[in-house]
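Derivation of every value follows stated rules applied to the coordinates shown; laboratory data play no part. The structure displayed is predicted, hence computed values, not measured ones. Backbone-built Cβ (ideal geometry, glycine too); neighbour counts: all protein chains shown.
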């Protein structure tokens, strides 16, 4: 569950989104169902799975940073709700020219950074220009079509060299975060944002604590503190919840529903997500360079069995999940058929094939055990290599030294990875790259989505990877807690509506 390498180190792409306007700072619209009377002095402890290596959201990969820092600590001119709608945030409003080449954002009044410094237009211009000019910054490429960034009083004007249907969406992510100009804060261990929470402490290997920002420009947070407790093991998280040490458990195992709900203190909430359980295939060398071998692997895998074993989620047979523009059901590209898989292997002249699956150790064994069994049924021996995440990042993501790899890509609208031959997927198809660029240049949402759909179909037909499942957001929420998001929780947790009752 990492991003941009958890991945998807990736990217958010995409074909435009529904434009809305709000002044609540991008509050979530899809949250846990209970309603409570908020205790302003409440402390809410939230279990998370994966701890960041450092807090520098400008240069550090991994969904663990986006999950907690965006919206809560750092903000952009615009943000997005869990159901993928774009809302004005540090901008009070925005407009787009008819030719889609000029974006004008009006800066909101009364915003200050956590150190008390007022937000200015210069901060905005500097922040965006820094991202655009520094290739080492996450999502720098997302501003590639921005030709100039300028301030005109309270207005921030972005002029594009050509239309970019993904720009507003990109500005809701790392590319659009607004920082204090020339700030000397050590962003690896601290933070100075504009959001409703301040980062007060980080006990590495244990927890990160946020406190309510009482000087916040918008609606104040409803709780005094939020503690993110990093507990990778689900059984340990269950024990912590039952011992009343946790108020919310994210990244949970749906199969433990009965246990966590047994005493009535928690309810398991399932929400939609853009999580994609992706089986990457290194097609540059060896047997995986043969499309027939890749297709055989896909048709040997029982996707329904994986979803059933996980206890939640749905099947997915292509690179775009249901929540994203460009989705279509691509199950016809690799239906479960072990006999067909055996025939494909025979046609490819492959027998007694042994492959290695490299997987980050925090994912457990459910998926890998099914893969081992399914591939064994068609004559493929699968060796599972479980590694620490930094090792996975170095070997697989950076050096592309792998045969098969499994990672849960959590980021929404990250199709751009399939149009990037340098990405660790190793997929290189000029037609897909062309269609992707055309989708960016589209001036209406439907055209952009249709172009992505065409590209995704090619990727699936090429058997470029396998998409084992579209995960659900699985969150156990205390019955004394309300307002915790339930959609795309592995990617973003907006705490704007979080509340807890007394007692």
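Observations, loosely collected:
- Semi-axis lengths (Å, descending) of the ellipsoid that matches the C-alpha gyration tensor of segment 276-470: 26, 18, 17
- Expressed as a whole percent, the proportion of Cα-Cα pairs in segment 86-228 lying more than 18 Å apart is 60%.
- Alpha-carbon centroids, segment 370-435 and segment 131-162: separation in whole Å: 31 Å
- Gyration tensor (alpha-carbon) shape descriptor, segment 377-459, a/c threshold 1.5: prolate
- Extension gain from residue 189 to residue 120, taking 0.36 nm per residue of separation minus the Cα-Cα distance: 22.4 nm
- When you restrict to C-alpha pairs under 8 Å that are six or more residues apart and normalise by the size of segment 276-470, the relative contact order lands at 37 percent.
- Entry note, segment 358-484: relative contact order of 17 percent, from Cα contacts under 8 Å with a spacing of 6+ residues.
- Protection-proxy order for peptides 273-283, 160-170, 180-190, 333-343, each taking the mean of Cβ atoms within 10 Å per residue, highest first: 273-283, 160-170, 333-343, 180-190
- Site pair residue 254 and residue 391 shows an inter-label distance of 3.1 nm when each label is modelled 7 Å from Cα along Cα→Cβ.
- Sorting 122-128, 191-197 by their mean Cβ neighbour count within 10 Å, with the most densely packed peptide first, gives 191-197, 122-128.
- The chain: angle of helix 338-347 to the longest principal axis, Cα-based, in degrees nearest 10: 70 degrees
- Euclidean distance of C-alpha centroids, segment 213-291 and segment 47-118, integer Å: 22 Å
- For the chain, averaging the sequence separation of C-alpha pairs within contact (under 8 Å, six or more residues apart) and dividing by the residue count gives a relative contact order of 26 percent.
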